[in-house]
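Notes to accompany the following structure.
The values are calculated or read from the model by the stated rules, or taken from the named source; none is laboratory data. Remember, it's a predicted structure, so these values are computed and weren't measured experimentally. Here the Cβ is made from the backbone with ideal geometry for all residues, glycine too, and neighbour counts use every protein chain on show.
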Protein chains: 4
Amino acid sequence: MESVTTLTVRYAETDQMGIVHHCVYPIWFEAGRTDFIKQAGISYSEVENRGILLPLIQLTCNYISAAKYEDTVSVTTSLKNITYSRLRMFYQIRANESPKVIASGETLHVWTDANLKPLNLKKSAPDLYELLYRQVSS
Amino acid sequence: MESVTTLTVRYAETDQMGIVHHCVYPIWFEAGRTDFIKQAGISYSEVENRGILLPLIQLTCNYISAAKYEDTVSVTTSLKNITYSRLRMFYQIRANESPKVIASGETLHVWTDANLKPLNLKKSAPDLYELLYRQVSS
Amino acid sequence: MESVTTLTVRYAETDQMGIVHHCVYPIWFEAGRTDFIKQAGISYSEVENRGILLPLIQLTCNYISAAKYEDTVSVTTSLKNITYSRLRMFYQIRANESPKVIASGETLHVWTDANLKPLNLKKSAPDLYELLYRQVSS
Amino acid sequence: MESVTTLTVRYAETDQMGIVHHCVYPIWFEAGRTDFIKQAGISYSEVENRGILLPLIQLTCNYISAAKYEDTVSVTTSLKNITYSRLRMFYQIRANESPKVIASGETLHVWTDANLKPLNLKKSAPDLYELLYRQVSS
């Protein structure tokens, strides 16, 4: 499964180079992640309401070309793998319906309880583990 | 004329109070303004390409109730008035298709050249002035 | 009492106009508020740990001239008034040690419990009320 | 050479997990980079005024533990290497004067002209190349 999230670049997202500031791409990845999880069948809000958090432990982002104000950008999100303790997701950003990828990245997350203590997802929420496991891209 | 912009609340837009941070609403207003101007018949990118900028000189925002992560929010934008030197816009934020306004605000802008020097819009871009003047809400 | 907070403008805070984006000033006001409350004798973290929150209900900001990347900006913060239910603060931004104010603003807050329900500060935390009341600028 | 930049965590930098949102660390890295370059003997503003930009092409960030509101964080910045076309910098974040690193990261940049076209720094600004080359950490 892949999810596709479409956004319009905001003026506040630009910097004085005249392009989108690099800190914005992780925020777009996150918007993609929100949609991916929802499309898998549960909202991330519900996950948190069950006392399960998914903080990042690693982020990588490659910037290939620049997005600009008022561009329509799409975030294609997929799940690279999931274990009882971790989740790794992959993102590609495109602009204005061009097939060219302008940025890509990965995020690595750890499953934790509400106090940010790591937990075993298979024990804490086996249904959630199964749900997401079925979405791993081959 | 009114424009309506629909957005999904991003995780990065929340703060430790568990609600959307107040600095985000002006960014949503701006997304509304982008759509309003485009709907009037010209994109704000084109306006800037003609060497005309529209910086803020005043912002007010009233926070009535809180938006939360994953809420669908709508920004209803209208033009309160326009003169040769200034523009005043009005915004209302609603959440999750409820008619209840959760925040409202105004922005006052000044027309300037690319060096942020005030200009007379009627002289510099009479077509733009006419275009926007027709959109003033009564 | 007044507090003075000194910050260096970040690249991410600029936009494609080449100046600090207007949504940043409320964040600087907040940094000023954090320092003001600490200087009054209690940190806002401690206030929140006691189950008392201070969300905004109104923001106004006047933009007089623009801050730029790498400018040193100072935020002068004062308390305009405090009641059992509300707090109003005032801010002035200056840049690069010039006496000229480049932006000013006010925030109006309501005292609430951790569920964002309004509370009476005099009843819930009389010491905090007294502490802040003594800081009201005349 | 290393530079050390000290910052206070802003409320707006937190998210509903009660910790600093992960998109903030690249902004802190950038504040560190600003200070590093200035400490090397030229401000990044001056670099840009000479028509030379330094956009990112890669970002990595490792999140080890979390920063919280009102924490004092320090960013230790060093230059890993510089070529005629690229620059790689390294960052470590610590909190509240503990020696423990709570996050670390790298940014890879390309030297470009004002139109974001790659340039050869040795040809375009040999003095800048020499200045920075002397700061490479061994």
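From the list A:I37, A:I27, which one is within 12 Å of the chain's Cα centre (by Cα), under 30 Å from D:D113 (Cα atoms), assigned to a helix (DSSP H, G or I) and among the β-branched types (V, I, T)?
Criteria check complete, one pass: A:I27.
Could we say that D:E2 is of a type outside the set (A, V, I, L, M, F, W, C) and in contact (Cβ under 8 Å) with a residue 60 or more places away in the chain here?
The answer is yes for D:E2.
When you go through (1) outside any strand (DSSP E or B); (2) surrounded by 15 or more Cβ atoms within 10 Å (Cβ to Cβ) one by one for A:S98, which number turns out not to apply?
All conditions pass for A:S98, except number (2).
Would it be correct to say that C:V101 is without any contact (Cβ under 8 Å) to a residue 40 or more places away in the chain, of a type in the set (A, V, I, L, M) and at negative phi?
So C:V101 fits the description; yes.
Which of the residues spanning segment A:1-24 are assigned to a loop (DSSP other than H, G, I, E, B) and modelled with pLDDT of 95 or more?
A:E2, A:V9, A:R10, A:D15, A:Q16, A:M17, A:G18, A:I19, A:H21, A:H22, A:C23
Output the residue which, of all residues in segment A:5-15 that are touching a residue at least 60 places away in the same chain (Cβ under 8 Å) and out of contact with any Phe, Trp or Tyr (no Cβ under 7 Å at 6 or more places or on another chain), is nearest to the other protein chains (Cβ to nearest Cβ).
Applying the filter and picking the extreme gives A:T8.
Consider B:S45 against the criteria (1) touching a residue at least 60 places away in the same chain (Cβ under 8 Å); (2) assigned to a helix (DSSP H, G or I); (3) surrounded by fewer than 22 Cβ atoms within 10 Å (Cβ to Cβ): it satisfies all of them except one. Which criterion is unmet?
Every condition holds for B:S45 apart from (1).
Can we say B:S43 is in contact with a helix residue (DSSP H, G or I) (Cβ under 6 Å, 6 or more places away or on another chain) and polar (S, T, N, Q)?
Spelling it out, it is not the case that B:S43 is in contact with a helix residue (DSSP H, G or I) (Cβ under 6 Å, 6 or more places away or on another chain) and polar (S, T, N, Q).
Of D:E97, D:E70, D:E46, which residue is closer than 21 Å to B:Y11 by Cα and acidic (D, E)?
D:E70
Would you say D:E106 is under 30 Å from B:Q16 (Cβ atoms) and not aliphatic (A, V, I, L, M)?
yes
What about A:Y69, is it surrounded by 18 or more Cβ atoms within 10 Å (Cβ to Cβ) and part of a loop (DSSP other than H, G, I, E, B)?
yes
For (1) more than 8 Å from every other protein chain (Cβ to nearest Cβ); (2) surrounded by fewer than 22 Cβ atoms within 10 Å (Cβ to Cβ), each residue gets a yes or a no:
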position: A:E2; (1), (2): yes, yes
position: A:M17; (1), (2): no, yes
position: A:V20; (1), (2): yes, no
position: A:V24; (1), (2): no, no
position: A:F29; (1), (2): yes, no
position: A:I37; (1), (2): yes, no
position: A:G41; (1), (2): yes, yes
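Between D:E46, D:E70, which is under 19 Å from the mean Cα position of the chain (by Cα) and within 12 Å of another protein chain (Cβ to nearest Cβ)?
After applying the criteria, what remains is D:E46.
Output the number of the condition that A:T77 fails; it satisfies all remaining conditions of (1) touching a Ser or Thr at 6+ places or on another chain (Cβ under 8 Å); (2) within 22 Å of B:G32 (Cβ to Cβ); (3) hydroxyl-bearing (S, T, Y).
Result: A:T77 fails condition (2) only.
Scan segment D:82-91 and tell me whether some residue there is under 28 Å from C:Y44 (Cβ atoms) and either over 15 Å from the mean Cα position of the chain (by Cα) or part of a strand (DSSP E or B) (or both).
Yes, that holds for at least one residue.
Just to verify a result, which residue in segment A:79-95, among those that are of a type in the set (S, T, N, Q) and surrounded by fewer than 18 Cβ atoms within 10 Å (Cβ to Cβ), is nearest to the other protein chains (Cβ to nearest Cβ)?
Among them, the one singled out is A:S85.
Can D:G51 be described as part of a loop (DSSP other than H, G, I, E, B) and either at negative phi or surrounded by fewer than 21 Cβ atoms within 10 Å (Cβ to Cβ) (or both)?
yes
State whether one or more residues within segment B:26-45 are hydroxyl-bearing (S, T, Y) and more than 27 Å from B:W111 (Cβ to Cβ).
No, every residue in segment B:26-45 fails to be hydroxyl-bearing (S, T, Y) and more than 27 Å from B:W111 (Cβ to Cβ).
Need the failing condition index for D:Y129 against (1) in contact with a Lys or Arg (Cβ under 6 Å, 6 or more places away or on another chain); (2) of a type outside the set (V, I, T); (3) over 16 Å from D:K38 (Cα atoms), just the number.
Against the list (1) in contact with a Lys or Arg (Cβ under 6 Å, 6 or more places away or on another chain); (2) of a type outside the set (V, I, T); (3) over 16 Å from D:K38 (Cα atoms), D:Y129 comes up short only on (3).
Return the only residue of B:L59, B:L79 being part of a strand (DSSP E or B), of a type in the set (A, V, I, L, M, F, W, C), farther than 30 Å from C:W111 by Cα and modelled with pLDDT of 95 or more.
On inspection, the qualifying residue turns out to be B:L79.
List pairs: first in segment C:117-130 and within 16 Å of C:I42 (Cβ to Cβ) and in a loop (DSSP other than H, G, I, E, B), second at pLDDT 95 or above and of a type outside the set (D, E, K, R), Cβ under 7 Å, 6+ apart or cross-chain?
The qualifying pairs are C:A125/C:I52.
Considering only residues of segment B:49-64 that are within 11 Å of chain C (Cβ to nearest Cβ) and in contact (Cβ under 8 Å) with a residue 60 or more places away in the chain, which is farthest from B:L7 (Cα to Cα)?
Once the filter is applied, the top-ranked residue is B:L53.
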